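Take a look at the structure set out below.
What follows draws every value from the coordinates through simple rules; no lab data is involved. No experiment lies behind these values; they were computed from the predicted model shown. Cβ sites come from the backbone with ideal geometry, for glycine too, and all protein chains shown count toward neighbours.
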Amino acid sequence: MASLDWGMLIWSSSRPILKLFSMLGMGYLAAKNDLLTPMGQKAIANLLIWVTYPCLVFANMVVSIDTSQLKQMGLLVAASVFYVGIGWGLGLVLRKVSRPPVGFQNTFLRASSCGNWGDLTLAMILSLGNSSPFKPGDASLGVA
């Protein structure tokens, strides 16, 4: 088994976190300097959630799919639906138990159904996906 460079591994896993904090900082500065109105912030959030993210996922997945992988893709879709369903079910239970404010109940349910799928997982896939026991190119199949 090949030896991993710890410095490269730490840098690869911290890079997405640094990107996230830089975007958060830019958003904070824009809000602090009144460059974005609350209506503009909501428009940007809707654009990201409903247009940009689905296009990014679709564009990255289409490149790595061929007909020999349809069985695995079906399993991946089923596992994803199951994972979101577990979060949604637990959110229903927690909503009953904790009784959040009326205006926050649906938001509470949506937030619990979409767990933290995070950048650390993607960094690990990119760092370790091309080393043993994986085949070269496997990292590109695991990133959406």
Using each residue's phi in segment 72-83, evaluate 6.51 cos²θ - 1.76 cosθ + 1.60 at θ = phi - 60° and report the 3J(HN,Hα) Karplus result to the nearest Hz, with x for Gly and Pro. 5, 5, x, 5, 5, 5, 4, 5, 5, 5, 4, 5
Filtered pair list for segment 12-115 (Lys only, Cα < 30 Å, 8 or more apart or interchain) has a length of 4
Expected sort for 82-90, 41-49, 97-105 on mean C-beta neighbours within 10 Å, highest first, is 82-90, 41-49, 97-105
